[in-house]
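Quick note: the coordinates plus some simple rules give every number you see, no bench work behind them. What you see is a predicted model; the values in this text were computed from it and never measured. FYI the Cβ positions are ideal-geometry reconstructions off the backbone, even for glycines, and counts take in every protein chain you see.
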Amino acid sequence: MAVFVALGAFLMTLAGGWTAQRVTDRRHLVLGLAGGLMLGVVGLDLLPEALHAAGREVFGVPAALLLFVAGFLLAHLVERLLAARQAAHGGEEHDHHRAPEVGLTAAAAMVGHSAMDGVAIGAAFQVGGGMGAAVALAVIAHDFADGFNTFTITSLYGNARRRAVAMLVADALAPVAGAASTAFVTIPEWFLGGYLGLFGGALLYLAAAEILPEAHHEHPARSTLLCTVGGVLFIWLVVGLAA
């Protein structure tokens, strides 16, 4: 049952990526929406779940928040190192397409997150059918945003369309694989909470430092801002319906 439900997440992820591909003539709106979706996912979904799952504190600070900050700094460090390497080989340091590896790394993190979504579905069905249905609803609803963001992030950093499509397909398959894995492996809740915190920090960095500035660079229009706000409100709606 868990794997069957995860197929819904597979289809929603592909639908999100397909939507991102179809609106390339409104790139600034796509980026504005992607930034809002990522901000909403981090602040309204990942971080609260990380705080709940990780639980313990380290020197007076919740472990999930420490890992959240670490994820933000790690993403910044990786982006700077790759940009410096590109500049050393004659590239433009301030070109937003300077390091395709950043896009691939971020997309790979999205794939890992989607696999964890599948694990959550499988674990919830082990608890009971009602719990499994609730978790599945939440995962399927926000996997549209995951697919949208995966394709957008990969493309933003100058990767070829075939790479963006490949990462999208991997992201769509990940929940199915994650759900199937729960028949053999159980992931500790504290580990899952720490992972969500780390991933949330990295995702916030990409949204705040890369995607949103790029969205407003050439088109600082009100419509772009409205797309960003709309993305946040959409995730809020999804979280509220799944609660």
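Values for this structure:
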| read-out | value |
| --- | --- |
| Length added when fully stretched, residue 108-residue 177, from 0.36 nm per residue minus Cα-Cα | 23.4 nm |
| Segment residue 81-residue 26, extension gain: residue separation times 0.36 nm, minus the distance between their alpha carbons | 16.7 nm |
| Peptide ranges 143-149, 191-197 listed from the most packed, as the mean C-beta count within 10 angstrom indicates | 143-149, 191-197 |
| Over segment 174-231 - Rg/Rh using Cα atoms and the Kirkwood inverse-distance radius | 1.22 |
| Where labels lie 7 Å past Cα in the beta-carbon direction, separation of residue 166 and residue 187 in nm | 2.4 |
